Each structure stands twice: as C-alpha cells, then as structure tokens.
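S.K.: My questions will all concern the structure given below.
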Amino acid sequence: MRPSNAYSRFAKVTAQLCGRPPAFTLAVAVIALWLITGPLFHFSDTWQLVINTGTTIVTFLMVFLIQNTQNRDTEAIQVKLDELIRATHGAHNALMDLEEMEQDALDAFRARYAALAAAARSELVLGRIDTDSPEA
C-alpha cells in the first residue's frame with residue numbers, strides 16, 4: 001500500500017534515503033569540505049555560520065520527517081498487535097487499542113499484568129511451570 005498524500009510519500013522516501021550509508025557519506029563529505037575551506041575563509045564567523053545554519057536547518061526538518069515515519073510505523077505495529085490479540089484464542093480483546101486509553105486505565109492494566117508476572121515468577125521459584133493463561 002502506498003502512502004496517500006504527497007507529504008507521506010516524501011517523508012517515507014526521504015527517511016529511507018537518509019538512513020542509508022550514502023547519506024552518511026555525503027554528510028561526512030560536506031563536513032570535510034567545510035573544514036578544508038576553513039583556511040581559505042580565515043576561519044571567519046561567516047564560515048562558522050554556514051555550517052551552523054546548515055546543520056540546524058537539516059536537523060529541524062529531519063525531526064518532522066522522522067516523527068512522521070515513527071508515527072506511521074507505530075500505528076502499523078499497533079494494528080498488527082491488535083490482529084494478533086483478536087486472532088489468539090484466550091487473548092483479552094480488551095487489550096486491543098490500549099494506546100488510546102487514558103493513563104489511569106493504562107496504569108491499571110499494567111498493574112494487573114505486573115501482578116500476574118510476579119505470581120508467575122513466584123511459581124518458578126517453587127519449581128512450577130508458568131506457561132498457563134491465568135485470568136487477567
């Protein structure tokens with residue numbers, strides 16, 4: 001499936017390209033070129049401003065592209081996890097879409113599962129198995 005709008009397509013392609021070795025090599029080459037030109041420009045304030053401004057602009061824009069990619073990936077993972085919960089016999093369907101819950105409700109679920117994990121560890125210490133599916 002392809003992203004539906006131009007920004008999503010641009011963000012996906014840019015994030016993929018920027019995460020590859022040639023992008024890193026290009027960044028190193030730009031820094032090397034800037035360093036080499038230092039003596040030519042007598043290490044002036046303008047020479048320093050060029051790299052500072054350039055890296056600031058690139059960093060600022062990359063934050064949005066990375067966030068877009070991370071949001072899309074997180075949503076896809078959540079849908080996949082929801083499908084696994086839905087399709088697994090005995091799984092609690094109430095766990096689907098937890099990321100949309102208020103923090104108090106999420107903390108309550110986490111506390112219940114932390115208690116189940118503690119009980120399972122206690123059973124292991126006693127030499128018992130922990131592979132059953134207790135009620136949450």
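S.K.: Calculated from DSSP H runs of 4 or more alone, at -39500 (n - 2.57) each and per residue, what is the 222 nm mean residue ellipticity of the chain, nearest 500? Don't skip to the answer; put the middle values down first.
M.R.: Numbers: 4 runs with 95 residues, N = 136.
Result for the chain: -24500 deg cm²/dmol, rounded to the nearest 500.
S.K.: Now for a different question. Round to the nearest 0.05 the FRET efficiency obtained for Glu75 and Thr53 when R0 = 25 Å and r is the Cβ-Cβ distance. The partial results should precede the final answer.
M.R.: Details: r = 34 Å, r/R0 = 1.37.
Working from the Cβ atoms, E equals 0.15.
S.K.: Here's another thing I want to ask about it. Using a/c under 1.5 as the rounded threshold, could you call segment 18-90 rounded, prolate or oblate? The axes a ≥ b ≥ c are square roots of the C-alpha gyration tensor eigenvalues, and prolate needs a/b larger than b/c, oblate otherwise. Walk me through the numbers on the way to the answer.
M.R.: On the way: a/c = 7.97, a/b = 3.57, b/c = 2.23.
Taking the square roots of the gyration eigenvalues as a ≥ b ≥ c, segment 18-90 is prolate.
S.K.: Something else now. Note the full-extension length gain between Ile129 and Ala108 as 0.36 nm times their separation in residues minus their Cα-Cα distance, in nm to one decimal.
M.R.: On the way: separation 21, 0.36 × 21 = 7.56 nm, distance 2.58 nm.
Length gained between Ile129 and Ala108: 5.0 nm.
S.K.: Continuing with this model, one more query. Could you give me the radius of gyration and the Dmax of segment 7-129, taking only the C-alpha atoms into account and expressing both in angstrom?
M.R.: For segment 7-129, the Cα-based Rg and Dmax read 24.8, 74 Å.
Each value in this text was obtained by applying a stated rule to the coordinates, not by laboratory testing. Quantities reported herein were computed from a predicted structural model and do not represent experimental measurements. Neighbour counts are summed over all protein chains in view; Cβ atoms, including those assigned to glycine, are modelled from backbone coordinates with ideal geometry.
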